[in-house]
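Notes follow the structure.
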Amino acid sequence: MEGFKGVWTALCTPFKDKGVDQASLKTLVRTQLEGGVHGLVVAGTTGESPTMTDKEIHEAFEIVKSEVSGQVPIVIGTGSNSTNKSISATRAAFEWGADGALVVVPYYNKPPQSGLLEHFKSIALSASDLPIILYDVPARTITRLSPETIYELSEVKNIVSIKDATGDIEHGRRLMDKCGDNLTYLTGDDNTLKLFLEAGGDGVISVVSNIAPKETVEFFETYKQGDVHKARSLWDTLEKTIHALNIETNPIPVKTALSLAGVFEADEFRLPMVSLDGERKQKFSQTLKKLGVIK
C-alpha cells in the first residue's frame, strides 16, 4: 500500500511485571503481518503512550521493527502538550528509523489555532524529511484543528497525512475538498470507517484491527475494489466487534480481548487505566465468543 493509506493498526502495548512484555508484543506483530495490515503505529493512545517512558517506547519500537523486518512501515506516536518534548520525541523517531511520526493535538493547554499552527510547523521543520501525520482527536484533547489550520499545515512539505478521529464525516469531507492531494486521510474512529471511506477517505488507524486484523483488511480491500455488496456484508460483521469494544474507554476492551485470545500473556494496565471487573469481563468474553473473535 503506497503512502499512508490502508489499514494501520494502533498497536496495544502488552505489559508484564510492570515492564513491556516483549514476547507478547512479538506475537501481536506476527498476527498483524499475517492479517495483512498495511502499517503499524507504536506508542499511540491505544498503546498507553502517556504512561510509557521514553526508554520503553524505544524498546517497543525496536521489538516491532525487528519483527516486521521491513515488511510494512512503522510510525511512532511522538506528540504531547509540550512543543519541545514533541520535537525531541520526533527527532528520536527519525534517528531510530521510523517511517513517520503521529503527532497529536496538544491536550490540556487549549492553545488557539495560531498556537497549533506554530506547534505543528515547529515539529515538522525540526524532523528533517520524516513524514508527519497530524492527529486530531478532540474527545481526548478538547482543542481541535480547524480546516483552515489543517490546510496551512498541509502546505508544509513533510506534513503528509491526517488521522481524523473527530467522528464527524462532514468535517472529513471538508478537509478532503480543501486540502485535496496535499494529504492522505485516515480515520481514527473505527465506528465511522465505512462512512469515511464512502466520503473518499484513504484508510484507518485502527483499534479493532488489533484483534481482527484480517477482517478489517478484508473489508477495506473489498470496499476499495468496488464490491459493494460483499463489503456491506463484511462491515455488518466487523461493526459488531467494533461495538463490543465500546463498552469501556479504549484501550481497556481491546487489550482485554487480546488477553482473552491468548495473544497477550497478562491482562496488565497502567494507572489510571484499570482492568474490567470480573462480571463485566465475563460478559465481554461471552460476547466475543458469540462473535467468533475468540474461542
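Read-outs: derived from the displayed coordinates by stated rules, not from any lab. In this text the structure is predicted, and so the values were computed from the model without any measurement. Every residue, glycine among them, receives a Cβ derived from its backbone with ideal geometry; neighbour counts consider all protein chains shown.
Compare the peptides 117-125, 203-211 by average per-residue count of other Cβ atoms within 10 angstrom and give them in order, highest first.
Packing proxy ranking, top to bottom: 203-211, 117-125.
Which of Gln32, Gln282, Gln113 moves most in a GNM of the chain, Cα contacts under 10 Å?
Gln282
With a 10 Å radius around each residue's Cβ, average the other Cβ atoms per peptide and rank 136-143, 270-277, highest first.
Most protected by this proxy first, the peptides run 136-143, 270-277.
When the scattering of the range 6-225 is computed by the Debye formula from its Cα atoms alone, each counted once and equally, what is log10 I(q)/I(0) at q = 0.08 Å⁻¹?
Calculated log10 I(q)/I(0) at the listed q: -0.25.
Post the alpha-carbon centroid distance, the range 3-41 to the range 202-241, in whole angstrom.
Result: 18 Å between the Cα centres.
Quickly rank 40-51, 86-97 as a protection proxy: mean count of other C-beta atoms within 10 Å, highest first.
For the peptides 40-51, 86-97, the packing ranking is 40-51, 86-97.
Say the cut-off is 32 Å between C-alpha atoms; which of Lys5/Lys110; Lys18/Lys224; Lys65/Lys214; Lys163/Lys240 go over it?
With Cα atoms farther than 32 Å apart: Lys18/Lys224.
Calculate the FRET efficiency for Asp54 and Val228 from the Cβ-Cβ distance with a Förster distance of 41 Å, rounded to the nearest 0.05.
E between Asp54 and Val228, to the nearest 0.05, is 0.35.
What is the sum of charges around Met52, taking Lys and Arg as +1, Asp and Glu as -1, for the other residues whose C-beta is under 11 Å from the C-beta of Met52?
So the environment of Met52 carries a net charge of -2.
Students often forget the sequence filter, so: which aspartates and glutamates lie under 17 Å Cα-Cα from Lys283 once same-chain residues fewer than 8 apart are removed?
Once the sequence-local aspartates and glutamates are set aside, what remains near Lys283 is Glu248, Asp267.
What full-extension length gain, to one decimal in nm, is calculated for Thr249 and Glu265 as 0.36 nm per residue of separation minus the Cα-Cα distance?
3.7 nm
For the range 242-250, just list the computed ³J(HN,Hα) in residue order, Karplus coefficients 6.51, -1.76 and 1.60, θ = phi - 60°, integers in Hz, with x standing in for Gly and Pro.
Going residue by residue, I get 4, 5, 4, 7, 8, 6, 7, 4, 5 Hz, with x marking Gly and Pro.
Tell me, what HN-Hα J-couplings in whole Hz come from the Karplus equation 6.51 cos²θ - 1.76 cosθ + 1.60 at θ = phi - 60° for each residue of the range 222-237, using x for Gly and Pro?
Once rounded to whole Hz, the list reads 5, 4, 5, 7, x, 8, 5, 4, 5, 4, 5, 5, 5, 5, 4, 6.
Quick query: amide H of Lys16 versus all other amide H atoms, modeled in the peptide plane; which residues come in under 5 Å with a sequence gap of 5 or more or a different chain?
Those qualifying (amide H under 5 Å, at least 5 residues apart or on another chain) are Asp21.
How long, wide and thick is the range 117-190, going by the Cα atoms along their three principal axes, in whole angstroms, largest first?
32, 26, 21
Starting from the amide H of Ser206, placed 1.01 Å from N in the peptide plane, find each other amide H under 5 Å away whose residue is 5 or more places distant or on another chain.
It is Trp8, Thr9, Ala10, by chain and number.
May I ask for the net charge around Glu67, where only other residues with Cβ less than 14 Å from the Cβ of Glu67 are counted and Lys, Arg are +1 while Asp, Glu are -1?
Residues close to Glu67 contribute a combined charge of -1.
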